[in-house]
1. Using each residue's phi in the stretch 72-88, evaluate 6.51 cos²θ - 1.76 cosθ + 1.60 at θ = phi - 60° and report the 3J(HN,Hα) Karplus result to the nearest Hz, with x for Gly and Pro.
2. Evaluate 2.2 N^0.38 Å with N set to the residue count of the stretch 19-87, then give the Cα radius of gyration divided by it.
3. What do you get for Rg/Rh of the stretch 3-225 when both radii come from the Cα atoms and Rh is the Kirkwood radius?
4. For the chain, calculate the relative contact order in percent as a whole number, restricting contacts to Cα pairs under 8 Å that are 6 or more residues apart.
5. Return the ratio Rg/(2.2 N^0.38 Å) for the stretch 100-139, where Rg is computed over Cα atoms only.
6. Each residue of the stretch 233-241 in order: what ³J(HN,Hα) in whole Hz does its phi give by Karplus 6.51 cos²θ - 1.76 cosθ + 1.60, θ = phi - 60°, with x for Gly and Pro?
7. Roughly to the nearest percent, how much of the accessible area of the chain is carbon and sulfur, given a 1.4 Å probe?
8. In nanometres, what is the gap between the two model label sites at GLU128 and ILE58, each 7 Å from Cα along Cα-to-Cβ?
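The values are calculated or read from the model by the stated rules, or taken from the named source; none is laboratory data. Fair warning: this is a prediction, and the values are worked out from it, not measured in the lab. Note that we place each Cβ from the backbone using ideal geometry, even for glycine, and neighbour counts take in every protein chain shown. For accessibility, only protein heavy atoms count, side chains too; no ligands or nucleic acids. Shrake-Rupley method; radii C 1.70, N 1.55, O 1.52, S 1.80 Å.
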Amino acid sequence: MPSYSHSKLQTYQQCPQKYKFRYIDEIPPPIRSIELHLGTTVHFALEKLYGRARLGQITSLDDLLKFFRDKWDEGYSPQMRIVRAKTTASTYFDLGRQMLKDYHWTFYPFKQSTTLELEEKFLFPISEGQEIRGIIDRLAKNADGTLEIHDYKTSRRLPDSSQIHNDAQLALYEIAIRHRWPETGGISLIWHYLAFDKEIKITKTAAQLETVKRNTLGLIARIEAATSFPVQVTPLCNWCEYKEICPAMKK
Ligand code: SF4
């Protein structure tokens, strides 16, 4: 049965040709961006922090930053692509440190809720013929039994309210949780925009979740019916891993 992640669906919306490179031709991304390395390393650090918190251990800021540095060095390669002018790898490393410092300061001692799962993969049937898969950064439970789906963003752009309300990613995660545990009560969707030390929290109604599901099925139907995958040139091409082999980028 074909399965779709939010990022796979988003890739098609961004550029059908990029979708073809990645998911039909299955060409491994030839390069890794510094933004991806930053995001992955910060996620590792927060997973470590909450993994320890589940065991009743509080991670000091020094330990968190040391872990971040070790993971950064382990995964870093000088071949990583840096697009933004006047930035270097150190710019991103320092940004990651600042994000973790702010997060540690804001949420210490990390007992606002009880962590149930960390970086947990899920797969659920959105129809009889298609599945949705994803990874929830942190699933937590409040004292009143309601759940929280947390997602960490390392982007340097803060979305506005309408973008948050129209975002399908965490809504699909909520649908997955409700599929797994149909008796679940309230669920909050929480984005942590770490570069801004900002937490954005919303809830969805059953009707809104139904709309997300319907739109997602519509998008999947368009992808599965597609017979051509045109290029879609936008400023995001600068960050595209396939820029070097893209026909639209040939001079
Ligand atoms: S470089 Fe731009 S047009 Fe080409 S595949 Fe990537 S996103 Fe699409």
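1. 4, 4, 4, x, 6, 9, x, 7, 4, 7, 10, 8, 5, 5, 6, 10, 10
2. On the way: Rg = 15.9 Å, N = 69, 2.2 N^0.38 = 11.0 Å.
Its radius of gyration relative to the 2.2 N^0.38 Å reference: 1.44.
3. Numbers: Rg = 18.3 Å, Rh = 18.9 Å.
Ratio value, two decimals: 0.97.
4. Numbers: 308 pairs, mean separation 59.2, N = 251.
For the chain, the relative contact order is 24 percent.
5. On the way: Rg = 15.3 Å, N = 40, 2.2 N^0.38 = 8.9 Å.
Against the empirical 2.2 N^0.38 Å value, I get 1.71 for the stretch 100-139.
6. So the Karplus estimates, Gly and Pro as x, are 7, 9, x, 5, 4, 4, 9, 6, 5 Hz.
7. Values: 7070 of 13660 Å².
That fraction is 52 percent.
8. In this crude label model, GLU128 to ILE58 measures out at 5.5 nm.
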